[in-house]
């Protein structure tokens with residue numbers, strides 16, 4: 001009995017029912033099913049391999065019973081608790097009020113009711129008072145997912161019912177099916193209630209129901225898949241009925257209607273529970289789980305799917321669950337890509353007045369071997385601010401990865417571009433809709449750092465930067481709450497709030513950016529610095545270049561000398577204020593990104609205040625650049641010429657050359673700068689994804 005008890009304990013510790021548990025250990029009673037025996041009529045039961053049937057022997061005993069004995073077939077094991085004092089004696093065992101029989105089986109049945117166990121009850125004289133007979137059918141049932149996150153659906157992983165982070169973590173990953181795989185229908189796949197194509201299946205997570213047992217279950221027993229009402233808003237489950245699908249023989253040319261019929265919907269927001277077939281013998285059934293929404297304020301991203309074996313009680317009464325297997329998924333977060341990742345494709349707009357900008361950008365982008373996509377006037381309708389309309393990111397799982405564009409709620413004339421042009425096969429789309437938006441809801445106000453380590457905590461995917469109002473400002477502007485909630489809910493790039501409301505446009509890309517570096521943390525933060533600007537201009541004055549002109553060649557009304565700039569006391573006071581705002585952000589960046597002063601480079605940029613006391617760049621804002629590997633596309637500042645060379649360009653080149661970076665200056669003065677934007681505002685870059693797998697992060 002001791003050996004059997006140890007064997008039972010080991011089986012129970014690996015029981016599929018134990019997958020019901022959270023990641024903390026629970027009592028064994030959780031996966032032991034209580035069963036009733038009756039001496040008046042034979043009983044029948046279905047036993048699930050890996051679980052135990054628990055019988056209170058005294059409950060079903062005839063009156064005056066004092067002893068009992070147990071017999072069973074070769075596929076049935078049992079142990080008695082409390083264990084008999086003399087377990088090897090042939091005579092019956094003393095019956096007490098807490099005598100418990102624990103029944104297990106090792107192998108699935110070939111036929112219904114092919115195993116048997118009986119209990120004999122005796123009086124004081126050891127005369128038989130009654131006999132309880134139990135006919136047993138053993139089945140194996142396992143609902144399986146890729147719980148170890150290696151791209152394969154393993155059988156009955158003991159950790160499939162819970163989700164943990166880290167390289168040693170477990171739990172399956174689910175993608176939001178937010179691309180559009182139908183060639184002629186511009187609509188996100190998750191907005192359709194059917195499976196449209198083979199490629200659509202690749203965006204879903206495979207879930208396999210594995211069973212072993214007789215050709216059919218005993219009469220009245222059935223398998224049911226079910227989810228909670230809350231989870232139903234976030235997923236759909238489809239079943240594959242075609243063996244060809246399983247073998248990947250099906251091609252894209254299969255008729256749409258046929259494909260839909262081969263993948264009926266099992267669970268959805270309208271169907272929380274549905275019977276699924278039991279195929280008999282040794283069988284597998286494929287299900288495809290589709291994610292419908294990203295983590296957000298009201299959704300932590302965790303999904304649980306259950307499969308229950310139901311037992312009939314009697315005619316006219318509902319069946320009751322006697323076994324439940326559960327799997328857990330976490331919906332993959334949207335991940336934003338920083339400047340230090342390799343560029344894939346650059347996006348800009350063509351307008352009636354930006355030919356010079358367009359020419360410079362084409363030379364920079366295509367000259368360095370990157371793909372350039374130009375959004376025509378027909379699509380952009382005069383809206384040139386490509387950076388403000390969208391932000392590129394991606395979603396990732398062990399079996400699939402694709403880019404996803406985050407569409408801003410600004411909804412300018414360019415609003416159709418992310419959905420109508422970018423959305424497609426393996427290119428997803430997500431957005432958040434806000435009732436009231438401000439300039440701070442444009443995505444020039446959304447950046448992300450390269451990977452950092454802060455006070456011992458690693459952020460291998462970097463940290464998102466959001467511009468908001470100063471904490472004490474009563475009437476300030478901030479990024480809308482629905483977007484901030486979405487970004488926080490992704491978890492893997494914990495956001496940082498910067499103060500950007502002091503700017504007229506209000507975007508963080510007006511005073512900072514990141515560039516790659518060969519040393520230290522692998523990058524530098526570039527900050528706009530009025531102090532650095534005044535230092536440069538004073539140096540020019542001291543060296544006898546006070547009459548050198550800013551904006552030379554742009555018209556006499558634009559031109560101004562170095563001496564005139566330095567003599568403007570109001571401009572000096574305004575820039576002192578701006579420097580204070582930037583210094584506040586500098587301290588936040590140092591604290592939240594774990595930076596030292598050596599990780600920050602100050603760029604000589606001046607600002608001026610408009611009537612509402614908010615700032616704009618005085619000359620083209622060089623920090624508002626496009627970063628393409630080691631190549632920088634920088635707004636041409638039109639600074640004072642010294643020995644035939646722009647002093648601002650020379651200073652910028654000197655600072656960047658120490659990092660091995662090349663500077664290309666792009667004339668955006670008339671078509672962007674005069675409209676309060678620059679190169680970065682008018683462009684966007686899709687980049688390669690991180691090699692880091694987000695599920696391996698220590699959270």
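If you take the beta carbon distance between residue 261 and residue 34 as r and set R0 to 35 Å, what does 1/(1 + (r/R0)^6) give as a FRET efficiency, to the nearest 0.05?
Working: r = 42 Å, r/R0 = 1.21.
Computed FRET efficiency for residue 261 and residue 34: 0.25.
Looking at region 416-526, I'd like the Rg to Rh ratio, where Rg is from alpha-carbon atoms and Rh is Kirkwood's inverse mean 1/r.
Details: Rg = 15.6 Å, Rh = 15.6 Å.
My calculation puts Rg/Rh at 1.00.
Could you tell me how many cubic angstrom of Cα convex hull volume region 364-468 has per residue? Write out the running numbers ahead of the final one.
On the way: hull volume 17.4 nm³, N = 105.
In region 364-468, the Cα convex hull volume per residue is 166 Å³.
Sequence gap at least 6, Cα distance under 8 Å: using those rules, report the relative contact order of the chain to the nearest whole percent. Intermediate values should be presented prior to the final figure.
Numbers: 1623 pairs, mean separation 77.6, N = 699.
With pairs under 8 Å counted, the relative contact order is 11 percent.
Tilt of helix 530-542 relative to the longest C-alpha principal axis of the chain, in degrees (0 to 90, nearest 10)?
20 degrees
Could you tell me which of rounded, prolate or oblate describes region 413-479, using a ≥ b ≥ c as the square roots of the eigenvalues of the alpha-carbon gyration tensor, with rounded for a/c under 1.5 and, failing that, prolate when a/b is larger than b/c and oblate otherwise?
Since a/c reaches 1.5 but b/c is at least a/b, the shape of region 413-479 is classed as oblate.
Under the rule a/c < 1.5 gives rounded, and otherwise a/b versus b/c splits prolate from oblate, where does region 641-685 land using the Cα gyration tensor? If you can, show how the numbers build up before the last one.
Details: a/c = 3.23, a/b = 1.39, b/c = 2.33.
Oblate, because a/c is 1.5 or more while a/b does not exceed b/c.
Normalised radius of gyration for region 152-197, please: alpha carbon Rg relative to 2.2 N^0.38 Å, two decimal places.
1.66
How big, in percent, is the set of alpha carbon pairs in region 537-579 lying more than 16 Å apart? Kindly include the intermediate steps, with their values, before the conclusion.
Values: 407 of 903 pairs.
Here the tail beyond 16 Å accounts for 45 percent of pairs.
Which FRET efficiency, nearest 0.05, do residue 95 and residue 155 yield, Cβ-Cβ r, R0 30 Å? Before the final figure, lay out the partial values.
Working: r = 41 Å, r/R0 = 1.35.
The calculated FRET efficiency here is 0.15.
Starting from the alpha-carbon convex hull of region 367-428, give the projected area averaged over all orientations, in nm².
The directionally averaged projection comes out at 5.4 nm².
Enter the angle in degrees (range 0 to 90, nearest 10) between the Cα long axis of helix 569-593 and the first principal axis of the Cα atoms of the chain, meaning the one along which they spread out most.
The angle comes out at about 20 degrees.
Any idea what diffusion coefficient region 76-149 gets from Stokes-Einstein, in µm²/s, Kirkwood Rh on alpha carbon pairs, 10 °C, 1.306 mPa s?
In µm²/s, the coefficient is 104.
Helix 2-13: angle to the longest alpha-carbon principal axis of the chain, degrees 0 to 90, nearest 10?
For 2-13 against the chain, the angle is about 40 degrees.
Within 10 Å of each residue's Cβ, count the other Cβ atoms and sort 586, 212 from fewest upward.
By the 10 Å Cβ count, ascending: 212, 586.
Work the Kirkwood hydrodynamic radius out for region 335-696: mean of 1/r over every pair of different alpha-carbon atoms, inverted, in Å.
Details: mean 1/r = 0.0480 Å⁻¹.
For region 335-696, inverting the mean 1/r across all distinct Cα pairs yields 20.8 Å.
Work out Dmax and Rg for the chain from the C-alpha atoms and quote the Rg first, both in angstrom.
34.4, 124
Looking at the calculated P(r) for region 145-331, what percent of the C-alpha pair distances fall above 29 Å?
The share of Cα pairs beyond 29 Å in region 145-331 comes to 24 percent.
For region 512-586, divide the Cα radius of gyration by the Kirkwood radius and give the resulting Rg/Rh value with two decimals.
We get a ratio of 1.08 for region 512-586.
At q = 0.10, 0.13, 0.18, 0.23 Å⁻¹, work out log10 I(q)/I(0) for region 25-148 with the Debye formula, treating every Cα as an identical point scatterer and leaving solvent out; two decimals please.
For the requested q values the scattering log ratios are -0.34, -0.55, -0.97, -1.41.
Normalising by the residue count of region 145-331, find the relative contact order in percent from Cα pairs under 8 Å and 6+ residues apart. Show your work: numbers first, answer last.
Details: 386 pairs, mean separation 54.0, N = 187.
Relative contact order of region 145-331: 29 percent.
Starting from the Kirkwood Rh over alpha-carbon pairs, what translational D in µm² s⁻¹ does region 144-247 have by Stokes-Einstein at 37 °C and 0.692 mPa s? Let's see the in-between values first.
Values: Rh = 16.3 Å.
Estimated diffusion coefficient is 201 µm²/s.
Which FRET efficiency value, to the nearest 0.05, is calculated for residue 298 and residue 127 with the Förster distance at 51 angstrom and r the Cβ-Cβ distance?
0.15
Percent of Cα-Cα pairs per 10 Å bin, from 0 to the last occupied bin, for region 260-378, please list those.
Going out from 0 Å in 10 Å bins, region 260-378 shows 9, 22, 19, 15, 15, 11, 7, 2, 0 percent.
Under the rule of -39500 (n - 2.57) per DSSP H run of 4 or more residues, summed and divided by the residues of the chain, what mean residue ellipticity at 222 nm is obtained, to the nearest 500 deg cm²/dmol?
-4500 deg cm²/dmol
What fraction of the Cα pairs in region 571-636, stated in percent, has a spacing above 20 angstrom?
Cα-Cα pairs in region 571-636 separated by more than 20 Å: 42 percent.
What number results when the radius of gyration of region 406-447, computed over Cα atoms, is divided by 2.2 N^0.38 Å?
Output field value: 1.20.
Please identify which residues in region 459-495 have an amide N closer than 14 Å to a label point set 7 Å out from the Cα of residue 576, following the Cα→Cβ vector.
Taking a point 7 Å out along Cα→Cβ of residue 576, no residue of region 459-495 has its backbone N under 14 Å.
Quick note: the coordinates plus some simple rules give every number you see, no bench work behind them. Since this is a predicted model, take the numbers as computed values, not measurements. Cβ coordinates were reconstructed from backbone atoms using ideal geometry, including for glycine residues, and neighbour counts include every protein chain displayed.
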